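Just so it is clear, none of the values below were taken in a lab; they were calculated from the coordinates. All of these numbers come straight from a predicted model, not from anything done at the bench. Reconstructed Cβ throughout: ideal geometry from the backbone, glycine too, with neighbour counts over all protein chains shown.
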Amino acid sequence: MPDIKLPLRTERLVLRRFEAADLNAFHAYQSLPETARFLPGEAKSYTKSMESVGKYANFVFEREGDWICLAIEAADVPGLLGEVVLKWLPGRGQAEIGWSLAPEARGKGYAAEAAAALLKLGFEELGFHRIDAKLDALNTASAALCERLGMRHESTQVDKWHYKGQWATEVVYAILAGEWRARVQAKDSTD
C-alpha cells in the first residue's frame with residue numbers, strides 16, 4: 001500500500017490525523033448515548049476516549065485489519081466535527097467505511113463529503129476493489145448516506161448482531177471500484 005498523504009482536503013473539510021487537542025471534543029460526542037446508539041460499544045468514558053484518540057492519532061495502515069481513522073474539521077473553522085474510518089478487510093482488495101459525527105455537525109452534508117473523500121482515497125490511492133458499509137437497519141440516516149454515495153444495498157441479514165441487549169438486523173451497502181469510477185466520470189461530465 002502507498003503512503004497516505006494527509007491531510008485530505010475537500011471543498012469544505014480537512015480530514016487529518018487525530019491530535020491530543022481533539023480529546024475533549026471527541027469525548028463530548030462519543031460519550032452521548034445517541035452517538036453510541038448504532039456503534040458496537042457503549043458510550044465512551046473519558047479513559048476510553050483517550051485510548052481511542054491515541055490509537056487514531058498513531059494509526060498504521062500496512063496490512064489487513066488496519067484502520068484509517070481521520071478527524072473531520074471544517075476548512076475555515078478548526079475543531080473536531082467527527083471522524084471517518086476505513087478498515088482494510090481480509091480478502092483481496094476489500095475495505096469497510098464508517099463515520100460518526102458530533103450532534104452539531106449532523107445534517108449538513110459533512111459525513112457525505114468526508115466519506116466521498118475516503119472512497120476516493122480507497123479506490124484511487126489504495127487500490128481497493130470493493131468498499132462496503134455495515135449498518136444497523138434502524139440507522140436510516142446512514143443508509144440514506146450510503147445511497148447518496150452511490151453504494152448499492154446488497155443484503156439485509158435479520159438478527160445478525162446481538163448488542164446492547166437486543167438483536168439487530170444488519171444491512172450491507174457496497175460499491176465497486178468500477179462503479180465508483182463511472183459515477184465520478186458521470187458527475188465530471190455534468191459539471
Ellipticity estimate at 222 nm from DSSP helix runs (n ≥ 4, -39,500 (n - 2.57)) divided over the chain, nearest 500: -9000 deg cm²/dmol
Rounded to the nearest 20 debye, dipole of the chain from Cβ charges on Lys, Arg, Asp, Glu: 120
Filter the GluC sites (Glu not before Pro) in segment 1-79 down to the DSSP loop ones having no more than 13 other Cβ atoms within 10 Å, then list what survives. Glu11, Glu19, Glu42, Glu62, Glu64
Just want the answer: with Cβ charges of +1 for Lys and Arg and -1 for Asp and Glu, which residue in Pro103, Thr190, Ala137 is farthest toward the dipole's positive end in the chain? Ala137
³J(HN,Hα) across segment 59-75 via Karplus (A = 6.51, B = -1.76, C = 1.60, θ = phi - 60°), whole Hz, x for Gly/Pro? 4, 10, 10, 10, 8, 3, x, 6, 10, 9, 10, 10, 6, 9, 9, 5, 5
Calculated FRET value between Ala21 and Asp66, using beta carbons and R₀ = 22 Å, to 0.05: 0.35
Sort largest first and round to whole Å: the equivalent ellipsoid semi-axes of segment 8-190, each the square root of five times a Cα gyration tensor eigenvalue. 24, 21, 16
If the reach is capped at under 18 angstrom between alpha carbons, list the lysines near Lys48, excluding any in the same chain fewer than eight residues apart. Lys164
Work out how much length Thr47 to Asp76 would gain on full extension: take 0.36 nm times their residue separation and subtract the Cα-Cα distance, in nm to one decimal. 7.4 nm
At the level of C-alpha centres, the distance separating segment 132-148 and segment 32-65, in angstrom, is 20
